[in-house]
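Comments concern the structure below.
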Amino acid sequence: MQNYSSSNFSLISDYDIYLFKGGNHFKIYEKLGAHIIKLSTLKNVSNTSENNLLSLDNSLTNSRNGLNNLESRLTNLEIKSSDLKNKSAKLDNKFATKESEQISGVYFAVWAPNAQNVSVVGDFNYWDKNANPLGVRWDGSGIWEGFIPGIQKGALYKFYIKSKIGNFEALKSDPVAFYCETPPKTASIVWDLSYNWNDSEWLKKRHQYNNLNSPFSIYEIHFGSFKKVAEQNYRYFKYNEIAEILVEYLKKMGFTHVEFLPLMEHPFYGSWGYQTTGYFAPTSRYGTPQELMQLIDILHQNDIGVILDWVPSHFPNDPHGLAFFDGTELYEHHDPKKGFHPDWKSLIFNYGRNEVKEFLISSALFWFEKYHIDALRIDAVASMLYLDYSRKEGEWVPNKYGGRENLEAIDFIKKLNEAIYSQFPDVQTIAEESTAWPAVSKPVYLGGLGFGMKWNMGWMHDTLKYFSKDPIYRKHHHNDLTFTFWYAFSENYILPLSHDEVVYGKKSLIEKMPGDLWQKFANLRLLFSYMFAFPGKKLIFMGGEIAQFEEWSHELEINWDVLNNDFNKGVQKLVTDLNNIYKNEKALHKNDFNPECFEWINFEDAIHSTLFFLRKYKNEMILVCLNFTPTPRYNYRVGVPVEGEWKEFFNSDSEYYGGSGHGNFGVVLTRKKPMHGRGFSVVLTLPPLAAIYLKKEI
């Protein structure tokens with residue numbers, strides 16, 4: 001198979017190189033990697049070589065010029081020019097030995113600045129490292145490129161790299177591949193991303209569903225273990241196969257968004273996708289790129305937003321991947337104090353290198369542009385921000401000012417968010433950041449990191465810690481609940497009950513709850529009711545909404561059989577109703593990040609373990625009453641700011657959900673008796689281990 005050197009054809013312009021060297025080329029996926037193209041060329045009808053064709057072309061030109069001169073001379077001899085033109089036409093036909101042709105093939109390009117030789121190997125050349133060498137560009141970019149005719153979509157390939165350093169040589173997967181073999185196989189696959197989208201209506205109105213004043217109720221799922229095909233030995237569903245099943249469930253439950261644990265290609269299934277090797281390729285375990293596009297397309301057609309987890313914080317050291325790519329630490333730091341992650345035994349990106357920054361930013365933008373996603377949730381941001389993250393003294397290198405802040409990572413994060421929001425203003429970036437780093441979800445121009453939202457890890461930790469206590473001891477831990485309110489508006493928070501909290505011995509949500517079976521379910525209903533009333537967006541990991549007893553296992557599907565039990569079915573009904581209430585009641589989602597949406601009534605009754613607060617928006621007001629003990633509270637007086645009828649429109653102790661049926665018969669009237677600093681009050685029955693919502697329209 002013949003190779004065409006980079007001097008014959010290139011997708012890369014001088015302007016591309018200018019951007020690339022400066023760290024500002026955010027669409028490297030259009031230039032690097034493998035691209036199926038057709039080149040216009042000239043073919044010799046008589047199978048003459050290209051050199052002979054050039055000679056013929058020159059001869060033809062010279063002959064025609066000679067005829068033109070001859071025509072001028074013979075005019076005086078009264079020779080008709082038409083005769084000469086006929087001769088010229090015959091001469092044209094005689095030398096017409098070339099015709100236009102399209103040559104199909106693949107253009108390859110890879111960044112390997114410390115390579116001595118690079119070639120493309122694959123099933124098309126019997127993996128012969130000498131068959132198709134690439135040429136290095138003259139401009140010092142370190143990019144190797146070349147066009148190989150005859151290769152078609154679906155071909156397997158890798159880059160053979162021989163380094164200038166030592167005796168290193170390796171077969172590497174394409175860092176910018178669009179598709180890869182299913183692990184444990186590691187070859188890249190030549191592919192295109194053509195797809196006819198049908199989500200234009202969603203994209204037109206996405207800002208209505210995706211802005212910070214919109215309800216966000218996120219269903220977090222791990223694709224491979226959500227549901228499996230039981231009839232076929234419990235194989236994985238394909239992306240497009242599960243579309244209708246997933247859409248039907250999300251709409252039935254009332255979720256607004258679905259968040260997928262990383263779908264980028266990853267060699268180790270047990271990493272759940274968080275050790276990525278294919279930053280531009282969806283994992284082939286579940287199908288092709290087009291099948292993932294179809295899933296997202298169908299979700300959008302049903303007004304469901306799509307969030308992908310994305311991991312720019314570290315990458316695995318698998319030999320076919322990014323690690324030691326060209327015989328040097330190209331993507332990672334050379335110094336293990338900067339380049340090795342002790343928790344995950346993985347490698348840390350060198351955020352100070354322009355080419356690495358634009359590789360990652362290009363990856364993020366790629367998923368928005370090519371897959372139409374609506375948000376990225378960025379994993380392990382804290383590990384990026386701190387040089388001493390999970391390191392002991394002497395195991396890390398301070399920054400140039402002697403501090404522990406990773407200045408290069410901070411600059412990268414800001415640049416990432418600015419690039420995303422400048423090109424896709426109606427999407428969101430979400431930080432999983434577990435420290436008190438300030439202004440994570442504030443714009444860069446205001447001194448923030450530029451994320452749209454941030455997971456409230458403190459709320460999750462303190463709340464689950466409180467709920468795990470036996471109610472008899474909760475009065476001593478009241479501060480675990482109330483403390484989180486004091487920083488509730490410091491960031492644009494999402495309240496996560498995520499996958500990390502239901503694995504590795506942490507127990508499922510229902511098993512975290514104390515008490516007998518009834519109390520466990522009552523506690524879980526109370527937990528969800530408290531979360532939906534608390535300021536912030538919502539996230540529930542799959543299985544929690546049906547009170548699955550087992551911890552989550554990525555090898556198994558969710559235990560849907562528990563829905564044969566009335567208590568489990570009751571929790572599912574409750575989450576469905578909470579989702580619908582949350583979406584329909586503006587007081588529960590509008591101004592969610594503004595302290596004006598919230599007002600304390602009473603947080604001081606630690607003895608009885610109760611909380612009372614208002615959620616507000618314009619002329620709407622919702623009173624939230626929470627009883628964290630199994631003891632019903634009768635004739636409990638609560639202050640309210642407005643006189644009149646207060647309608648009880650939600651009660652987690654309803655028999656419909658599996659509760660005891662305590663309540664207030666739908667409505668209560670205020671009395672002109674001041675309480676809790678308000679001029680009026682209502683007398684309530686507080687159900688055991690339950691929440692009630694009462695509404696007053698002003």
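The values are calculated or read from the model by the stated rules, or taken from the named source; none is laboratory data. Treat the numbers as computed from the prediction; the structure is a model and nothing was measured. Every residue, glycine as well, gets a Cβ built from its backbone with ideal geometry; the counts of neighbours run over all protein chains shown. Surface areas here come from the heavy atoms of the whole protein model, side chains and all, with no ligands, DNA or RNA. Shrake-Rupley method; radii C 1.70, N 1.55, O 1.52, S 1.80 Å.
Points to keep in mind about this one:
- Considering only residues in region 575-591 that are in contact with a Gly (Cβ under 9 Å, 6 or more places away or on another chain) and open to solvent by 50 Å² or more (accessible area, probe 1.4 Å), the one that is farthest from Phe216 (Cα to Cα) turns out to be Asn580.
- Every test in (1) open to solvent by less than 10 Å² (accessible area, probe 1.4 Å); (2) under 13 Å from the mean Cα position of the chain (by Cα) is passed by Met293 save one, and that test is (2).
- Residue within region 261-284 that is under 29 Å from Trp202 (Cα atoms), acidic (Asp, Glu) and in a helix (DSSP H, G or I) present: no
- Single residue of Asn594, Asn523, Asn627, Asn568 found to be surrounded by fewer than 19 Cβ atoms within 10 Å (Cβ to Cβ) and of a type outside the set (Gly, Ala, Ser): Asn594
- Residue pairs meeting the criteria (Cβ under 9 Å; at least 6 apart or on separate chains; first more than 15 Å from Leu689 (Cα to Cα), in region 648-674; second assigned to a loop (DSSP other than H, G, I, E, B) and hydrophobic (A, V, I, L, M, F, W, C)): Glu648/Phe665; Thr670/Val642
- Selection count, region 631-659, where residues are open to solvent by less than 50 Å² (accessible area, probe 1.4 Å) and touching a helix residue (DSSP H, G or I) at 6+ places or on another chain (Cβ under 9 Å): 8
- The residues of region 325-339 that are surrounded by fewer than 20 Cβ atoms within 10 Å (Cβ to Cβ) and either farther than 16 Å from Glu408 by Cβ or of a type in the set (Lys, Arg) (or both), listed by number, are Thr328, Pro336, Lys337, Lys338.
- Within region 100-183, strands (runs of 3 or more DSSP E) holding 2 or more residues that are in contact (Cβ under 8 Å) with a residue 40 or more places away in the chain, out of contact with any Phe, Trp or Tyr (no Cβ under 6 Å at 6 or more places or on another chain) and buried (at least 18 other Cβ atoms within 10 Å of the Cβ): 143-149, 156-163
- Filtered by the rule that a residue be under 20 Å from Arg391 (Cβ atoms) and acidic (Asp, Glu), region 295-351 gives Glu329, Glu332, Asp335, Asp343.
- Number of residues in region 538-555 that are aromatic (Phe, Trp, Tyr) and open to solvent by less than 10 Å² (accessible area, probe 1.4 Å) equals 1.
- Total residues in region 422-467, condition touching a helix residue (DSSP H, G or I) at 6+ places or on another chain (Cβ under 9 Å), open to solvent by 50 Å² or more (accessible area, probe 1.4 Å) and either under 24 Å from Gly305 (Cβ atoms) or touching a residue at least 24 places away in the same chain (Cβ under 8 Å) (or both): 3
- Those residues of region 388-421 which are assigned to a loop (DSSP other than H, G, I, E, B), open to solvent by less than 70 Å² (accessible area, probe 1.4 Å) and more than 26 Å from His499 (Cα to Cα), in sequence order: Gly394, Trp396, Val397, Pro398, Asn399, Gly402, Gly403, Asn406
- Complete set of residues in region 467-503 that are over 27 Å from Glu550 (Cα atoms) and within 21 Å of the chain's Cα centre (by Cα): Glu491, Asn492, Tyr493
- Which numbered condition Lys345 fails, given (1) open to solvent by less than 10 Å² (accessible area, probe 1.4 Å); (2) more than 30 Å from Glu201 (Cβ to Cβ): (1)
- Residue in region 246-256 that is assigned to a loop (DSSP other than H, G, I, E, B), open to solvent by less than 20 Å² (accessible area, probe 1.4 Å), within 22 Å of Glu555 (Cβ to Cβ) and free of Cβ contacts under 8 Å to residues at least 60 places away in the same chain present: no
- The listed residue being at pLDDT 95 or above, closer than 19 Å to Leu299 by Cα, of a type in the set (S, T, N, Q) and within 15 Å of the chain's Cα centre (by Cα), out of Asn240, Asn210, Asn198: Asn210
- With respect to being touching a helix residue (DSSP H, G or I) at 6+ places or on another chain (Cβ under 7 Å) and of a type in the set (Phe, Trp, Tyr), Phe255 fits the description.
- When the residues of region 507-520 are filtered to those that are assigned to a loop (DSSP other than H, G, I, E, B) and open to solvent by 10 Å² or more (accessible area, probe 1.4 Å), the one that is nearest to Lys469 (Cα to Cα) is Pro514.
- Taking the conditions (1) touching a strand residue (DSSP E or B) at 6+ places or on another chain (Cβ under 6 Å); (2) within 27 Å of Asn579 (Cα to Cα) in turn, Glu265 satisfies each one other than (2).
- Residue match in region 86-95 (condition: at pLDDT 95 or above, open to solvent by 30 Å² or more (accessible area, probe 1.4 Å) and of a type in the set (Lys, Arg)): no
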